[in-house]
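**Student:** A single structure is presented below for examination.
The values are calculated or read from the model by the stated rules, or taken from the named source; none is laboratory data. On a predicted model such as this, the values are computed, not experimentally measured, just so you know. Cβ atoms come from the backbone with ideal geometry, glycine included; neighbour counts cover every protein chain shown. The area values use the complete protein model at the heavy-atom level, side chains included, leaving out ligands, DNA and RNA. Shrake-Rupley method; radii C 1.70, N 1.55, O 1.52, S 1.80 Å.
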Amino acid sequence: TIGLVPTMGAIHKAHGTLIKKSNDLCDKTLVTIFVNKPQFNRESDYKEYPRILRSDISILKKYEADFLYLPTTKQIYPNGPNKKIKINIFSKELCGKFRPGHFHAVVDVIDRFIKIIKPNKIFLGEKDMQQLKIIEDFINKNKIKTKVISCKTVREKNGLVYSSRNYLLTKKDKKIASNIYKLLNKNKKNLIKKKILLKEIKSKILMCGINKIDYLKILDINKLIRPYKKIKKHKIFIAYYLGEVRLIDNI
C-alpha cells in the first residue's frame, strides 16, 4: 500500500506528522515536492515561496519517507492546466473569494498526482480545512479509490500553526501570529454562543499589528459539504496578512 503526502516543500514538523501517519498505515510513503504555479494568485508570491530542497531531503530522511517525487512542470502539465475541472461550490467561500481559481488549481494537481502515483491513501492536514474538504468531495464524487486521511493541525509551543510560509516570518511576526491564535482560542466559546461579536475580536486582531484581515468567520464544519452531519462542530476560520505573508488558520 502506498501513502501519498503532497507538499510544496519547506518541510516542517506538520509534514512530519503526515509522513509518520502514512508510515503507520501504509507499506511505503511517497512525498511530493512541487511548487504548483497555477494555484498562486500573485507572481511575487510564487517567486518568494521558500525553496530549500537540500534541507527538505535531510528532514524527509529523518522522518523515514520512502520516496521523494520531484516532477517538473512539463511532467505535471504536458498540455497545461485543466480549466474545466469541476469542484464543490464551497471553493467560492473563504479563501476562494480572495484567491480566484486557487482551489481548481489545487484539485487539478492532486488529481494528476493520484493518476501518476495511484496511492491507496492520501494524507492531508486539517490546517488547510477548506482545501481538505474540497479534495475529499472531489475524490468521493469521482469515485477515485484513493482514501483521504485527515491529520490534526500541528502547532508550535506558542500556538502558531506550522506552515511553510513561517519561513518568511520575522520573530516579531511570529509573536503577533501567536497572540492572534491565543486571542481566538480564548474567546472561541463566547464567539460561538454570540456573547462576544466577531466585530470586537476583529478590531482587537487589527490592533495586534497585522496589515489586513481577508476573513474571520465561524462555520460548522459538518455543514460545509453535503452530506451534512447532524452533530455541530464549529471552527473559527481566519486569513490575514503579516507584511506580504498571508496566513490562514482554523481553531
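**Student:** What pairs from 147/232; 37/97; 141/186; 21/92 go past 29 Å between their alpha carbons?
**Tutor:** Violating the 29 Å limit, Cα to Cα: 141/186; 21/92.
**Student:** Please report the antiparallel percentage of the DSSP beta bridges confined to the chain, to the nearest 5.
**Tutor:** If I count the DSSP bridges inside the chain, around 50 percent turn out antiparallel.
**Student:** Counting only protein heavy atoms and a 1.4 Å probe, tell me what percentage of the stretch 100-251's accessible area is made up of carbon and sulfur.
**Tutor:** Exposed carbon and sulfur together represent 53 percent of the surface.
**Student:** Tell me the trypsin sites (Lys or Arg not before Pro) within the stretch 204-251 that lie in a loop according to DSSP and have at most 15 other beta-carbon atoms within 10 Å.
**Tutor:** 229, 230, 232, 233
**Student:** Once you've got the Cα coordinates, tell me which of 47/145; 86/127; 84/127; 84/118 are over 25 Å apart.
**Tutor:** Going by Cα-Cα distance, 47/145; 84/127 fall outside the 25 Å limit.
**Student:** Right, something else. Quick one: Debye curve from the alpha-carbon atoms of the chain only, equal weights, vacuum; give me log10 I(q)/I(0) at q = 0.12, 0.16 Å⁻¹ to two decimals.
**Tutor:** Debye curve over Cα of the chain, log10 I(q)/I(0) at q = 0.12, 0.16 Å⁻¹: -0.73, -1.34.
**Student:** Take 68, 183, 25, 132 and sort them by solvent-accessible surface of the protein heavy atoms, 1.4 Å probe, largest at the top.
**Tutor:** Sorted by accessible area, descending: 25, 68, 183, 132.
**Student:** Please give the FRET efficiency for residue 156 paired with residue 54, using the beta carbon to beta carbon distance and R0 = 25 Å, rounded to the nearest 0.05.
**Tutor:** Taking R0 as 25 Å, the efficiency between residue 156 and residue 54 is 0.60.
**Student:** Between residue 192 and residue 41, what FRET efficiency follows from the Cβ-Cβ distance if R0 is 35 Å, with the result rounded to 0.05?
**Tutor:** After rounding, the FRET efficiency stands at 0.70.
**Student:** For the stretch 69-194, how big is the tail of P(r) above 26 Å, as a whole percent of Cα pairs?
**Tutor:** Percent of Cα pairs beyond 26 Å in the stretch 69-194: 36.
**Student:** Can you divide the C-alpha Rg of the stretch 1-145 by 2.2 N^0.38 Å and report the result to two decimal places?
**Tutor:** Against the compact-globule rule of thumb, the ratio is 1.02.
**Student:** Something else now. Might you tell me the accessible area per residue for the chain, computed with a 1.4 Å probe and given in Å²?
**Tutor:** Averaged over the residues of the chain, the accessible area is 56 Å².
**Student:** With a 1.4 Å probe and every protein chain left in place, tell me how much accessible area residue 112 has, in Å² to the nearest 10.
**Tutor:** Approximately 50 Å² of residue 112 is accessible to the 1.4 Å probe.
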